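Here is the structure we will look at.
The values are calculated or read from the model by the stated rules, or taken from the named source; none is laboratory data. All values derive from a computational prediction rather than experimental measurement. Here Cβ is always computed from backbone atoms with ideal geometry, including for glycine, and neighbour counts include all displayed protein chains.
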Amino acid sequence: MTGLNLILLGPPGAGKGTQAARLRDELGVTYLATGDLLRRHRAEDTALGRRAARYMTAGRLVPDRLVISMLLDALGSASPHGFLLDGFPRTTTQAEALEAALDTASLRLTAVLLIDAPDDVIVERISGRLTCPQGHVFHRQSDPPARAGICDHDGERLVTRDDDRPDTVRSRLEVYHAETEPLVAYYKTRGLLRTFDGTQPPGDVLAAIRTALGLEPARHR
């Protein structure tokens with residue numbers, strides 16, 4: 001496989017989702033999120049999905065070897081333009097296992113893209129979200145509804161989800177710093193890490209990514 005083979009890293013709320021969507025659309029790479037893969041295999045009742053389901057039903061983590069098998073299975077039909085992995089690896093142990101699996105499949109990583117932002121910015125971003133039962137999302141500061149606490153689209157009451165409360169966000173960040181952040185050093189020593197300021201406007205972040213990958217600036221549509 002030729003093309004851009006990328007991993008996307010960063011804390012929750014740093015803007016990974018926005019960049020993943022733009023990179024997928026503009027570069028034509030196959031986007032592989034491990035959560036989506038697990039759900040798809042379970043829904044399709046594949047052999048890998050049945051094996052993963054036994055762990056998930058018991059409240060246990062799906063073993064790395066199973067997740068990597070799903071990734072490699074998906075890469076078999078991936079775009080010739082490359083792939084973008086999101087959600088795996090999360091630890092250096094997983095990174096080592098993934099590196100070995102990719103090597104066996106004669107695949108090489110092009111770069112690891114780290115979208116970063118300070119904790120206080122992330123807490124403000126996420127805890128400011130307001131969501132209605134139909135899934136419409138607003139933000140207290142950057143995108144408030146016309147009427148306080150009421151969805152502009154359907155008149156439903158807006159709430160802050162439990163996952164978006166400041167204490168929960170800080171707990172998620174603690175997990176990220178403890179478990180996932182060591183990947184930064186891991187990929188930096190391998191010369192693969194590229195770091196981007198997630199506090200900048202999404203368009204500026206994308207432009208910086210394109211420059212780091214040696215791509216031409218995107219044409220205005």
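Of all residues in the stretch 1-42, which are within 29 Å of Ser127 (Cβ to Cβ) and assigned to a loop (DSSP other than H, G, I, E, B)?
Gly10, Pro11, Pro12, Gly13, Ala14, Gly15
Every residue, every condition in (1) over 21 Å from Glu174 (Cβ atoms); (2) within 15 Å of the chain's Cα centre (by Cα); (3) surrounded by fewer than 22 Cβ atoms within 10 Å (Cβ to Cβ), yes or no:
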{"site": "Pro11", "(1), (2), (3)": "no, yes, no"}
{"site": "Thr18", "(1), (2), (3)": "yes, yes, yes"}
{"site": "Leu27", "(1), (2), (3)": "yes, no, yes"}
{"site": "Thr30", "(1), (2), (3)": "yes, yes, yes"}
{"site": "Asp36", "(1), (2), (3)": "yes, yes, yes"}
{"site": "Arg40", "(1), (2), (3)": "yes, no, yes"}
{"site": "Glu44", "(1), (2), (3)": "yes, no, yes"}
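It is to be established whether one or more residues within the stretch 50-71 are hydrophobic (A, V, I, L, M, F, W, C), under 18 Å from the mean Cα position of the chain (by Cα), farther than 30 Å from Thr160 by Cβ and modelled with pLDDT of 90 or more.
no
Condition check ((1) under 20 Å from Leu85 (Cβ atoms); (2) among the hydroxyl-bearing types (Ser, Thr, Tyr); (3) over 18 Å from the mean Cα position of the chain (by Cα); (4) surrounded by 12 or more Cβ atoms within 10 Å (Cβ to Cβ)) across all residues:
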{"residue": "Gly135", "(1), (2), (3), (4)": "no, no, yes, no"}
{"residue": "Pro145", "(1), (2), (3), (4)": "no, no, yes, yes"}
{"residue": "Asp167", "(1), (2), (3), (4)": "no, no, yes, no"}
{"residue": "Ala212", "(1), (2), (3), (4)": "yes, no, yes, yes"}
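What is the number of the single condition among (1) surrounded by 15 or more Cβ atoms within 10 Å (Cβ to Cβ); (2) under 20 Å from the mean Cα position of the chain (by Cα) that Ala178 does not meet?
Unmet condition: (1).
Go through the stretch 43-100 and report how many residues are in a loop (DSSP other than H, G, I, E, B) and among the acidic types (Asp, Glu).
Residues flagged as in a loop (DSSP other than H, G, I, E, B) and among the acidic types (Asp, Glu) within the stretch 43-100 amount to 2.
Which strands (runs of 3 or more DSSP E) does the stretch 112-221 wholly contain that include 2 or more residues that are closer than 19 Å to Gly10 by Cα and at pLDDT 95 or above?
Qualifying strands (runs of 3 or more DSSP E): 193-197.
Of the residues that sit in the stretch 98-132 and are over 20 Å from Val29 (Cα atoms) and of a type in the set (Ser, Thr, Tyr), which one is surrounded by the fewest Cβ atoms within 10 Å (Cβ to Cβ)?
Thr104
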